[in-house]
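Participant: Quick one: this structure, given as structure tokens, is what I'll be asking you about.
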Amino acid sequence: MIQIPQSLESLKATAQALDSAHNSAVAKAKNITLSEYRARNSKDYLDPNEIFECEKFRISDSYGIEVTESTRNG
């Protein structure tokens, strides 16, 4: 018997765990200023923490709200 549904459920659970970890990292990232955000946009490479900080800035700037774990997961 093929166990595709079980594998599919496992993939869904893994994707959900990755999304949750990403959302948590963004929410916990340091707040940066517009000038820091602009400076980073001109860089060829950003480390993962800088990427999370930029994403947090974009969300906060676009929606005008504080980014928290409940903001990202809601």
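The values are calculated or read from the model by the stated rules, or taken from the named source; none is laboratory data. Note that this is a predicted model, so its numbers are computed, not measured. Accessible surface is based on the protein model in full, side chains and every heavy atom, while ligands, DNA and RNA are left aside. Shrake-Rupley method; radii C 1.70, N 1.55, O 1.52, S 1.80 Å.
Participant: Which lysines, if any, have their Cα less than 26 Å from the Cα of LYS30, not counting same-chain residues under 8 positions apart?
Facilitator: Excluding near neighbours in sequence, the set is LYS43, LYS56.
Participant: Below 8 Å, C-alpha to C-alpha, sequence gap of six or more: please give me the relative contact order for the chain in percent.
Facilitator: Reported as a whole number, the value is 37 percent.
Participant: For THR14, what accessible area in Å² do you get when you roll a 1.4 Å probe over the heavy atoms of the protein chains, rounding to the nearest 10?
Facilitator: 70
Participant: Follow-up. Any idea of LYS12's accessible area? Nearest 10 Å², probe 1.4 Å.
Facilitator: So the heavy atoms of LYS12 present about 110 Å² to solvent.
Participant: So what is the 222 nm mean residue ellipticity for the chain from helices alone, if each DSSP H run of at least 4 adds -39500 (n - 2.57) and you divide by all residues, rounding to the nearest 500 deg cm²/dmol?
Facilitator: Counting only the DSSP helices, I get -23500 deg cm²/dmol.
Participant: Which three semi-axes in whole Å describe the equivalent ellipsoid of the chain, each the square root of 5 times a Cα gyration tensor eigenvalue, listed largest first?
Facilitator: 32, 15, 8
Participant: Rounded to the nearest 10 Å², what accessible area does GLU50 have for a 1.4 Å probe in the complete protein model?
Facilitator: 30
Participant: What do you get for the angle between helix 48-63 and the principal long axis of the chain? Use alpha-carbon atoms, 0 to 90 degrees, nearest ten.
Facilitator: In the chain, helix 48-63 runs at an angle near 80 degrees to the longest axis.
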